[in-house]
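No lab work stands behind these numbers, since they all come straight from the coordinates. Since this is a predicted model, take the numbers as computed values, not measurements. Please note: Cβ atoms are built from the backbone with ideal geometry, for glycine as well, and neighbour counts cover all protein chains shown.
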Amino acid sequence: MAIQKVGVVGCGLMGSGIAQVCAAAGFPTMVREVSADLMDKGLKGIEKQLSRLGEKGTISEAAKGEIRGRLKGTTSLDDLKGCDLIVEAIIEQLPAKRELFASLDIICPPSTIFASNTSSLTITEIATATKRPQRFVGLHFFNPVPVMKLVEVVRTIATDDAAYEEMVAFGRKLGKTPVRAKDSTGFIVNRLLVPYLLDAIRALEEGVGSIEDIDNSMKLGCGYPMGPLTLLDFVGLDTTYYISQIMFDEFKERRFAAPPLLKRMVLAGWNGRKSGRGFYDYADPQKPRPMKF
């Protein structure tokens, strides 16, 4: 069954981006938030992104109007019952995701495909809250969703072949490059990225190099667009710490264990750019200064 109408639950940073690319790809898209204020904030964020694209000449005024016309907001889960696909992008907590999908399972017809945008939780464990594990996948987008070209399409041991292939095709329709991933904690990207980021912190702890030298080494020596410590500040140290705990709990391997420095920074509220301080001080966002430890 080809996807005709898409539902997105959550209109925060990731959810609004997912809704935007779905509407831009021609899909009528219903976005649900828990309150009118959050819904309004999310839709205004999409409008801001569309305005920026218009200023750059990336899309026309007519195209912006068409995208807006395909987007609708709601605070009621019941309004999602006519969707062929529902993508969840809410808080990264297993109980909340399971509760949401258990409710959607009652509302939606058996044909509806469910997908989670989780970056670290096990798709299988989320899916067991429903009676449709065969029509449950992971669709892990990357921030910012309208810009990043990758989507990890995650299948569990219970996912139906036809439903999975439909999701791979859906990723292509959004203009993304879908990669096929198994339901292993961290999938492909975080399975490789998280140990790299944690090792960069360990290198700093052990005096291998300074913050600037570690970042410049990976940028200039490996051609990475940004160094690992800058990337940690961008992603959020609290986010990385949370993901590392989930991955360590799954694999029990040192490479997934959070270094003591990361834990202390999170406890101090030094979460990176969003808090104004991480491995760099962002008092002047245009000229971040490396912190001294």
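Pop out the ³J(HN,Hα) list for the stretch 246-261 in order, Karplus 6.51 cos²θ - 1.76 cosθ + 1.60 with θ = phi - 60°, rounded to Hz; leave Gly and Pro as x.
Result, ordered by residue: 5, 5, 5, 4, 6, 9, 6, 10, 4, 4, 9, 7, 5, x, x, 4 Hz.
Can you tell me the FRET efficiency between T75 and A283 if r is taken as the Cβ-Cβ distance and R0 is 30 Å, rounded to the nearest 0.05?
0.20
For D37 paired with V147, estimate the spin-label separation in nm (one decimal), with each label point 7 Å from Cα along the Cα-to-Cβ line.
Placing both labels 7 Å beyond Cα along the Cβ direction yields 2.9 nm.
Quick one: if the Förster radius is 30 Å, what FRET efficiency do L193 and K173 give, using the C-beta to C-beta distance and rounding to 0.05?
0.70
So what is the 222 nm mean residue ellipticity for the chain from helices alone, if each DSSP H run of at least 4 adds -39500 (n - 2.57) and you divide by all residues, rounding to the nearest 500 deg cm²/dmol?
It comes out at -14500 deg cm²/dmol, rounded to the nearest 500.
For the stretch 82-128, I need the span (max minus min coordinate) of the C-alpha atoms along each principal axis, in Å, sorted largest to smallest.
28, 17, 15
Give the long-range amide H neighbours of I113: residues separated by 5 or more places, or on another chain, with amide H under 5 Å away, using H modelled in the peptide plane at 1.01 Å from N.
Distant-sequence amide H within range of I113: L85, I86.
Can you report the principal axis dimensions of the stretch 190-287 using only the alpha carbons, biggest first, rounded to whole angstrom?
Cα extents, longest axis first: 38, 30, 23 Å.
Can you work out the Karplus-derived ³J(HN,Hα) for every residue in the stretch 8-19? Use 6.51 cos²θ - 1.76 cosθ + 1.60 with θ = phi - 60°, whole Hz, and x for glycine or proline.
For the stretch 8-19, the Karplus-derived couplings read 10, 9, x, 10, x, 4, 7, x, 5, x, 5, 4 Hz, x marking Gly and Pro.
What number do you get for the stretch 130-206 when its Cα radius of gyration is normalised by 2.2 N^0.38 Å, N = residues?
1.32
Can you give the Rg to Rh ratio of the stretch 1-115, both from alpha-carbon atoms, with Rh computed by the Kirkwood formula?
Here Rg/Rh amounts to 0.98.
Nearest 20 debye, what's the magnitude of the dipole of the chain about its Cα centre given +1 on Lys and Arg Cβ and -1 on Asp and Glu Cβ?
360 debye
Where does the charge balance sit around G227 when Lys and Arg score +1, Asp and Glu -1, over other residues with C-beta under 13 Å from its C-beta?
Around G227, the charge tally is -4.
Given a Förster distance of 22 Å, report the FRET efficiency between S103 and I157 from their Cβ-Cβ distance, rounded to the nearest 0.05.
0.35
Could you pull out every one of the lysines with an alpha carbon less than 20 Å from that of K252, ignoring same-chain neighbours closer than 8 positions?
K182, K263
Could you give the length gained by full extension between D213 and E55, i.e. 0.36 nm per residue of separation minus their alpha carbon distance, to one decimal place?
Here the answer is 53.2 nm.
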